[in-house]
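The values are calculated or read from the model by the stated rules, or taken from the named source; none is laboratory data. All of these numbers come straight from a predicted model, not from anything done at the bench. We place every Cβ from the backbone using ideal geometry, glycine too, and count neighbours over all the protein chains shown.
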Amino acid sequence: MGGLLQWLQSVVTLNHFFVWTYVWKYTPAPAIIQGAIVTVILSVISQLLGTLIGLMLYFLRRGRIRVFRISADAYIWFFRGTPLAVQILAFYTLFPYLHISRPLRAIDPFSAIGFTHGPGPIFLDSFLAAILALSLNEGAYMAEIVRAGIDAIDVGQLEAAKSLGMTYSLAMRRIVLPQAFRIIIPPLGNEFNNMLKNTALAAFIALNELLETGRLIGDANFASLELLVVASLWYLLLTTIWGFFQGIIERKLNASNLDPGAPRPQWWQRAFGFGQGNAGVATAVPAEH
Amino acid sequence: MTPASLRSRPNIRRAVTVGVVGAAMGLSLLLSACGTTSTTTTTGNNANCPSSATVASWHLANPGKLTIASDTTYAPAEFADPNNVGSFIGYDMDLAREFAKRLCLEPNIIKADFGTIITDVAGPPLGQQRYDMSISSFTINSTRQQKVDMIPYFTAGESIMVATGNPQHITSIDSMCGKTIAVQDNTVEKSEIDDANGTGDKSSGQAPVCKDNKIKELHFTSENDVILQVVNGNADASYQDQPVTDYYISKNPGKTESGGITVSPAPQGIVMRKDNAPLETAITNALQAMRSDGTYLKILTNWGVQKLAYPPLP
């Protein structure tokens, strides 16, 4: 038991070498905030593109053309079967051989719009390599989520719409997709939460996003752990804000399913996502009896 | 109204509590086990070997081993043997093994990211450090000396590596302005580029000559990645220690050449904790003994870097 007590004491006295001053100093630093903004931009663009790719893949897989079906399956097989870190590194390493690294780097749109606080410029070649890898990878996962969402809608819905004279695409847009969207939203929110953190892998390719910025500042000050805490605080803040938005979107889409008498979740429940999984479920169970 | 699955939650919580307590008890057993093994330090059978009391005063990270961190991407100082990537070679590595041998310890060289080495040597409390010391081409400067002690053992200048023919005419920091330069994280070379851009902490003393036409700096944790950017044409030049530039040029003839020496040789140091004087004394004495009996110069000569000895040869 003595060993445990000694160890617990060292846990408590961590501050002998963990300098909190660095955390307070760098959490609100312009360089870190810029890194967090880059992370958000990267996540939002990649998630949007990934979702579009996922939708496209669904229709290719469900389509009549065999070659498209096989290609879509192969795409999903490949991008889900190789690590995201490998894909990011591969695109970055590939770019110079395609002679596009230098032209991209020469454009430098981020410095032009005032992103000059980080440990260096945000180069477009790193940025695009990261976007490409993140969205192509995300597309493979979104394809599965979209498939689950659309396939969950009873085929009778599509048949009924067609019997009313709707074309396949109109029935999809007006009848099936709006219902499927409600099913897709929770896992989509989950994917975006993952995306916010997966962008950290872009630190491999000299992209000054949140983690790389924190790491460079931390190593230069011999305060690596302190700056990892700073980065973590920002990732937590970003995912918390997203959880809040996700809750709003889910309640809006689920409005007709909600029990009017059910208590509205508290702000902290909405922010941290506690109890969100129960929304709509508690009333759905007795309604079936 | 409440589904059965919700009512059963307290049981789950109890199960979690039991699990946590169990894990803590297991951990304490493990820790006390570690405590008993660390007291039995083995001493070599050599008569010159230090007593077990002396070894105990070194507070080694791993009993019986001299644990040395090195960023093994920096040929010819420290790098993975191309024919056997599990073994680390280079003059720093030969020195490291010689130190362990003279201290009657087993050499335990661990590959680490250059930027995190000093933190991992000096950060944790004594006895809990990840590495006992580091030999990894650390140029001695005041920023580093605030955190660790540095025993001078070698000298190296800084130089530029460019593509053959030097198409961008990069021969100095001034001529780097506006160009793409690859550099390793947390090196003195990176500090100079940051200061030249006016974005650094001004620790290198480099004037902000590229303030208005910034150097496009590509930074990587591994020097291998830095070199790759010049070889595949992604960067106009890379900036590192001169022995490293020369080594890669000799290994890739016709692809790259030296763009010029920017900084003349300056002392590099072995990184030691400030609060582990007994080990630092032992290493300093061992280095002195290696100088006296010729081992030190022999190691440098094997790698063709004897001219960079510290103190300089007469």
Qualifying residues in segment A:247-263 (those that are touching a Lys or Arg at 6+ places or on another chain (Cβ under 9 Å) and either modelled with pLDDT under 70 or outside any loop (DSSP other than H, G, I, E, B) (or both)) - the one nearest to A:Phe181 (Cα to Cα): A:Leu253
Helices (runs of 4 or more DSSP H) within segment B:52-155 that include 2 or more residues surrounded by 21 or more Cβ atoms within 10 Å (Cβ to Cβ): B:91-102, B:114-122
Wholly within segment A:71-159, helices (runs of 4 or more DSSP H) carrying at least 3 residues that are polar (S, T, N, Q): A:124-151
From B:Ile215, B:Ile249, B:Ile227, B:Ile261, residue being within 14 Å of chain A (Cβ to nearest Cβ), touching a strand residue (DSSP E or B) at 6+ places or on another chain (Cβ under 7 Å), modelled with pLDDT of 90 or more and more than 19 Å from A:Thr93 (Cα to Cα): B:Ile215
Index of the failed condition, A:Ser101 passing every other in (1) within 11 Å of another protein chain (Cβ to nearest Cβ); (2) surrounded by fewer than 20 Cβ atoms within 10 Å (Cβ to Cβ): (2)
Failed condition for A:Asp219, given (1) of a type outside the set (S, T, N, Q); (2) over 28 Å from A:Arg105 (Cβ atoms); (3) in a helix (DSSP H, G or I); (4) touching a Ser or Thr at 6+ places or on another chain (Cβ under 7 Å): (2)
Checking B:Asp194 against (1) in a helix (DSSP H, G or I); (2) within 14 Å of chain A (Cβ to nearest Cβ); (3) over 30 Å from A:Arg102 (Cα atoms), the condition it does not meet: (3)
Set B:Ser159, B:Ser87, B:Ser136: member being polar (S, T, N, Q) and within 14 Å of another protein chain (Cβ to nearest Cβ): B:Ser136
Residue selected from segment A:2-23 under the condition more than 10 Å from chain B (Cβ to nearest Cβ) and either surrounded by fewer than 12 Cβ atoms within 10 Å (Cβ to Cβ) or basic (Lys, Arg) (or both), by the criterion farthest from A:His117 (Cα to Cα): A:Gln9
Filter pass, A:Asp73 being among the acidic types (Asp, Glu) and either crowded, with 18+ Cβ neighbours inside 10 Å or at pLDDT 90 or above (or both): yes
